[in-house]
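The values are calculated or read from the model by the stated rules, or taken from the named source; none is laboratory data. As the structure is a prediction and not an experimental result, all values here were calculated from the model. FYI the Cβ positions are ideal-geometry reconstructions off the backbone, even for glycines, and counts take in every protein chain you see. Each accessible area value is taken on the protein alone, full model and side chains, heavy atoms only, with ligands, DNA and RNA left out. Shrake-Rupley method; radii C 1.70, N 1.55, O 1.52, S 1.80 Å.
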Amino acid sequence: MMTLEDKITRPHKEGCTQSKSRAEGTAFALGPVRLWDIISVIKSHYMYIEEGQLKNFIVDSGLVSKKDIAAAEAEARSKKTSLGEALVNKGRLSEDDLRKTQAYILGIPFVDLKGQKIEFEVLSLIPEPIARNHNIVAFKKNADSLEVAMLDTDDLSAIEFVKKKVGIRITPRLTDSESIKSVLLQYQKSLKAEFGDLIKQETATLMALSEEMGNKTASSADLKKLAEDLPVIRIVDTLLKHAILQGASDIHIEPGEKELHVRYRIDGLLHDAMVLPKEAETSVTARIKVLSNLKLDEKRLPQDGRFKVEMNSEKVSLRVSILPTFYGEKTVMRLLRESVSGFTLEYLGFHGAALERIHDATRLATGMILATGPTGSGKSTTLYTVLDILNTPDVNISTVEDPVEYQMPRVNQTQVRPDIGFTFATGLRSLVRQDPDIIMVGEIRDNETASLAVNAALTGHLVLSTLHTNSAAGSIPRLLDMKIEPFLLVSTLSVVIGQRLVRKLADSKDRRPLTKAELGALAKVVDLDRMLKILKDEKVIGPKDDWNKVMFGTPKAAEGEDGYKGRVGLHEVLKMSPAIRELIMKGATSSEIEAQAKKEGMITMLEDGIFVAAQGLTTIEEVLRVVSE
């Protein structure tokens, strides 16, 4: 009986040698040549498979009958998809079978990593969040190249990221989803084993040191000696390493009556990471204070600091806040990845008219672009991505921030220092005398900063900033409350971006239509007819389809996981139009402004959330949890 591999390789062995010779001739490895200079060559020469070529190959291999192929072709034509997608949708081929077929046609080696143990030094060359989000894992390191396994060898941005990170040639290999899943589990096992062993080894030493100090009040010198002891250095370093590789945004170290709890915020939710003995509290806190250059013997007042670490060639800045509590000092560290390179607005989740509105605003020489939302909703990342688009050699970009979250080349970034009187307002006053073309103000917090930002936009600058409001339309009354004159606001404001972050479904997920009861519940929060039109306009479903054809994602929980991994943005982009200008001048409410924006084509955050859920990226429940109207 022929196996799947035998069926696929039969036509390959009988004459399909052209793609193999092409792959061998060029080795399909990205060397020092700039990636974007060869994208077109790769896509046209390697990564493109003609529909006829795929059809003939599948028929010759006997994977699918001619009748099923004909039916899939008809579906592909009607839905304007590829033959491969149609075969997968009809259940005639699995996604992995299609990948294997494509691999043989393209001449790309296929690797099976199920059950293979990969050295952690090689595995950790690609950070776990990148590996999971892009389905790319490192499995073999040679003298001058790194072999990576992928589900999509067309994901050139992931390949370029890994190449920049490791500094050697990347050789992509195709694999299946089970192999990727097997390797991703190794991240967790390796980290937990390393972390658990370290805690067992070093905790006893820490307890002995604490007992040696006894109940005496520790001096600054005693605390510094404790902070520089090898066991506490290893524990704190491992806490940071574990958090970075897990993609955590915050680390919470919380003293209790008898224990010290460590929690990580991952994908917006807090998760227990480790429980340390109470005796470790003094030394761990002292170590973090030393790294942050804070006062070791100050335990009565809150303290804020900052330090940087570099792990696996990734630079991470940590913003530290220490607060006295009943059982001791609680420490919270915010992890800020310093590089935003490679992000695009599309990657962040912008699409359709919203995407075009932002691009239109970036082409203006003056005006204001605002990003709004609560803390942790990704506002800064959006603005940095816009800055990355604007960052060309012919413009001068200056920022005033608190803190400087990402470092960008050719951008003059300034950190505010309220403790010495250097605020957003004073920084902005100085920036306008620095001959800037583009100004970014980290946050508009008060009347003075708002007034200066509007004046800067009026005097020939493009101004970017963030504002804490619940919606894009809500930014208008907020700015008016800050004593901005309506006629100045309508003259300067270009677009307002409202956003939230929702948890993203993991790759292993189910898809199903909503039940009548679920659809009825959804009708209470959104206009179903309008939403269905949006889904048709965005080509999520066909022009004649109804809600029964909308396949929503549902989580498939695995061991130790809840079915979610990573986050995706929900957005609404309000563009200043003549009608909205008129409403603002009349003193309209945010609801009236939003209603007019919807008439002009704005998709609200809730509607965008349903759109994302209909794509299978998240769930309706997750959208409703995060977005409330």
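Work out the FRET efficiency for ARG77 and LYS524 from their Cβ-Cβ distance, taking R0 = 41 Å, and round it to the nearest 0.05.
About 0.60, to the nearest 0.05.
Which distance in Å, rounded to a whole number, links the C-alpha centroids of segment 126-166 and segment 298-322?
If we compute the Cα centre of each part, the gap is 29 Å.
Over all Cα pairs of segment 390-440, how is the pair count split among 10 Å bins, expressed in % and running from 0 up to the last occupied bin?
Per 10 Å bin, starting at 0, the Cα pair percentages come out as 27, 53, 19, 1.
Positive end of the charge dipole of segment 560-628 (Lys, Arg +1 and Asp, Glu -1 on Cβ, about the Cα centre): tell me which of ALA588, VAL623, GLY609 has its Cα farthest that way.
Selected residue: ALA588.
Estimate the FRET efficiency between ILE420 and ARG169 by the formula 1/(1 + (r/R0)^6), using the beta-carbon distance for r and 56 Å for R0, to the nearest 0.05.
0.70
LEU323 to LYS308: extension gain in nm, 0.36 nm per residue of separation minus the Cα-Cα distance?
Length gained, LEU323 through LYS308: 3.4 nm.
Ignoring ligands, DNA and RNA, please state the percent of accessible area on segment 516-577 from carbon and sulfur, probe 1.4 Å.
The value for segment 516-577 is 52 percent carbon and sulfur by accessible area.
Skip the ligands, DNA and RNA, and give the accessible area per residue of segment 588-629 with a 1.4 Å probe, whole Å².
39
Could you estimate the translational diffusion coefficient of segment 477-629 from the Stokes-Einstein equation, with Rh from the Kirkwood formula over C-alpha pairs, at 10 °C and 1.306 mPa s, in whole µm²/s?
Once the numbers are plugged in, D ends up at 93 µm²/s.
So, by mean Cβ neighbours within 10 angstrom, what's the order for 154-161, 303-310 with the highest one leading?
154-161, 303-310
Output the direction-averaged projected area (hull surface divided by four) of the convex hull of the alpha-carbon atoms of segment 407-504, in nm².
8.0
Tell me, what is a quarter of the convex hull surface for the C-alpha atoms of segment 271-360, in nm² with one decimal?
9.3
Is there a pair in LYS181/LYS549; LYS224/LYS315; LYS67/LYS100; LYS516/LYS598; LYS315/LYS556 whose C-alpha atoms are over 24 Å apart, and which pairs would that be?
LYS181/LYS549; LYS224/LYS315; LYS516/LYS598; LYS315/LYS556
Relative contact order (percent) for segment 447-588, with alpha-carbon contacts under 8 angstrom and 6 or more residues of separation?
34
Just going by the charge dipole of segment 266-397, with Lys and Arg at +1 and Asp and Glu at -1 on Cβ, which of THR331, ALA273, THR372 is farthest out on the positive end?
Of the candidates, THR331 comes out farthest on the positive side.
For ALA365 and ALA595, compute 0.36 nm times the residue count separating them, minus their Cα-Cα distance, and round to one decimal in nm.
Using 0.36 nm per residue and subtracting the Cα-Cα distance, I get 79.9 nm.
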